[in-house]
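Asker: Just passing along the structure, written as structure tokens.
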Amino acid sequence: DSGVTQTPKHLITATGQRVTLRCSPRSGDLSVYWYQQSLDQGLQFLIQYYNGEERAKGNILERFSAQQFPDLHSELNLSSLELGDSALYFCASSAGDSYSNQPQHFGDGTRLSIL
Amino acid sequence: AQKITQTQPGMFVQEKEAVTLDCTYDTSDPSYGLFWYKQPSSGEMIFLIYQGSYDQQNATEGRYSLNFQKARKSANLVISASQLGDSAMYFCAMREPNQAGTALIFGKGTTLSVSS
């Protein structure tokens, strides 16, 4: 058990809809990262928050947004969903910020299926 | 250009044998970290081992060790005494902490199959 909790584990929805994925980091970790894993793109970094502030953006679409709350949990919002958004979405956390070499610990992921 | 290259799409090994999974990386930053993760068929990502660019010794964690050759920019994962439960996808990843805000950059992965 990595200590990172993601909900829900599975999500099935239709094109055009909006969903929210939730992540609780490990106790004490201030950084939260979101990654997308798809068959064609592999594992790609989406966005990072550190202690409530956005720290870095990767290949995140404008239709996607995220935030980190004062209790450090994070949510990833995906809107106007398309078939190509079907993927496994991971949340990871680490104690430090982007200048640290500490490992990131991953949650079990949310598998999103768009019908 | 690819930052992390894993050239072996699939590897096959018998139980109790050792196996090496290859990883080469590309960076001009003197400070970086290299990570290996395991992803079983159930989907979760499990952190295995970490090597810092300034670490003098190769990292080891139980049956996992990292063959770090800095000049060749390679960070191969060695799994000793393979077990059936080692069958999974293995990802090499890099972090360049001097680049503001970077996260992990992953390779495409290597599928390891362990047979009895």
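Every read-out reported here was derived from the displayed coordinates using simple, explicitly stated rules and does not represent laboratory data. Keep in mind it's a predicted model, so treat the numbers as computed, not measured. Here the Cβ is made from the backbone with ideal geometry for all residues, glycine too, and neighbour counts use every protein chain on show.
Asker: Which value, in debye to the nearest 20, describes the size of the charge dipole of the stretch A:46-115 about its Cα centre when Lys and Arg Cβ atoms bear +1, Asp and Glu Cβ atoms bear -1, and nothing else is charged?
Answerer: On the way: 4 positive and 9 negative charges, 29 e Å.
Roughly 140 debye, rounded to the nearest 20.
Asker: Sorting A:Phe90, B:Phe47 on the 10 Å Cβ count, fewest up front, what's the list? All intermediate terms of the calculation are to be shown ahead of the outcome.
Answerer: Working: A:Phe90 27, B:Phe47 17.
Going from sparsest to densest Cβ surroundings: B:Phe47, A:Phe90.
Asker: Could you give me the ³J(HN,Hα) list for the stretch B:66-78, computed from phi with Karplus coefficients 6.51, -1.76, 1.60 and θ = phi - 60°, whole Hz, x at Gly and Pro?
Answerer: Karplus-based 3J(HN,Hα) across the stretch B:66-78 equals 10, 8, 9, 10, 4, 5, 8, 6, 10, 9, 7, 8, 10 Hz.
Asker: Mind running the shape call on chain B? Use the C-alpha gyration tensor, a ≥ b ≥ c as the square roots of the eigenvalues: rounded below 1.5 for a/c, prolate if a/b tops b/c, oblate otherwise.
Answerer: Values: a/c = 2.01, a/b = 1.65, b/c = 1.22.
In terms of gyration-tensor shape, prolate.
Asker: Picking from A:Leu21, A:Leu30, A:Leu61, which is most flexible by a Gaussian network model of chain A using Cα springs under 10 Å?
Answerer: Result: A:Leu61 has the largest fluctuation of those listed.
Asker: Based on the alpha-carbon set only, what is the convex hull volume of the protein assembly as shown divided per residue, in Å³? Present the calculation step by step, with values, prior to reporting the outcome.
Answerer: Working: hull volume 28.5 nm³, N = 231.
Taking only Cα atoms, the protein assembly as shown has a hull volume of 123 Å³ per residue.
Asker: Kirkwood Rh, Cα Rg: Rg to Rh for the stretch A:16-115?
Answerer: On the way: Rg = 12.9 Å, Rh = 13.6 Å.
Looking at the stretch A:16-115, the ratio lands at 0.95.
Asker: Could you go through the stretch A:35-40 in sequence order and give the Karplus-derived ³J(HN,Hα) for each residue, using 6.51 cos²θ - 1.76 cosθ + 1.60 with θ = phi - 60°, rounded to whole Hz, and x for Gly and Pro?
Answerer: The phi angles translate into 10, 10, 10, 10, 4, 8 Hz.
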